[in-house]
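To start, the structure itself, in structure tokens.
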Amino acid sequence: MVIDTSPTISDLHISFYLAADYILCPTQLEFYSVQGVMQSLDHLASVQQMGTEKNMPVATLLAIVPNMWQDKQLVQKENHEFLQERYGADNVLSPIKLRTAWKQAAQFRTPIFEYEPRSIAAREARRQRFRRIRFIDRARGKLVQSPPVQRPFLEWP
């Protein structure tokens, strides 16, 4: 199950933390976004402390997922390194690059795989999707096989 919430912290988040096994934190690598991730993870830590005291299972951070990456912006590189230092390099995934196709697909509320299936963004998304699934499975202690052979521009499940 996936619960997509706003980054604004509320008491409702406590329920989500108690219901979930893992937390994924997507974020842009801008100042206010990074501050928001820090606040959210501080809130998660306080709920984890409460869970420990009351012997209740609470979600753990699975990964921080940087997105809308522009590799020419120094501030984004610095914020990425900051998150890696603070939360551990294993907990901060490689950034998803900002591509025009992402914006256009979002505008039309269409998955990138349908909007521009042959775009660089769609190819990167396919690769990233498998990496993230493998990362999640590894975190859960499962063994993952190699991806199926991929023909150019064909999507695999």
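The values are calculated or read from the model by the stated rules, or taken from the named source; none is laboratory data. As the structure is a computational prediction, the values presented were derived from the model and not from experiment. Cβ sites come from the backbone with ideal geometry, for glycine too, and all protein chains shown count toward neighbours.
Okay, here's what the table says:
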| quantity | calculated |
| --- | --- |
| Residue ID - surrounded by the fewest Cβ atoms within 10 Å (Cβ to Cβ), chosen from residues in the stretch 85-113 that are outside any helix (DSSP H, G or I) and charged (D, E, K, R) | R109 |
| Residues that are surrounded by 12 or more Cβ atoms within 10 Å (Cβ to Cβ), outside any helix (DSSP H, G or I), β-branched (V, I, T) and without any contact (Cβ under 8 Å) to a residue 40 or more places away in the chain, drawn from the stretch 7-45 | I9, I23 |
| Residues being free of Cβ contacts under 8 Å to residues at least 24 places away in the same chain and of a type outside the set (S, T, N, Q) - total across the stretch 78-101 | 7 |
| Residue satisfying all of: in the stretch 114-129; in a helix (DSSP H, G or I) and among the charged types (D, E, K, R); modelled with the highest pLDDT among these | E114 |
| Test: residue in the stretch 75-84 that is over 26 Å from R138 (Cα atoms) and surrounded by 18 or more Cβ atoms within 10 Å (Cβ to Cβ) | yes |
| Tally of residues being within 17 Å of K103 (Cα to Cα) and not in a strand (DSSP E or B) across the stretch 57-76 | 2 |
| Evaluation of D4 against (1) over 21 Å from S94 (Cβ atoms); (2) of a type outside the set (G, A, S); (3) outside any loop (DSSP other than H, G, I, E, B) (one fails), failing number | (3) |
| Which numbered condition R86 fails, given (1) outside the structural domain of Y17 (by TED's automatic domain parsing); (2) within 29 Å of S15 (Cα to Cα) | (1) |
| Odd one out for A59 among (1) in contact with an Asp or Glu (Cβ under 8 Å, 6 or more places away or on another chain); (2) surrounded by 15 or more Cβ atoms within 10 Å (Cβ to Cβ); (3) within 27 Å of A121 (Cβ to Cβ) | (3) |
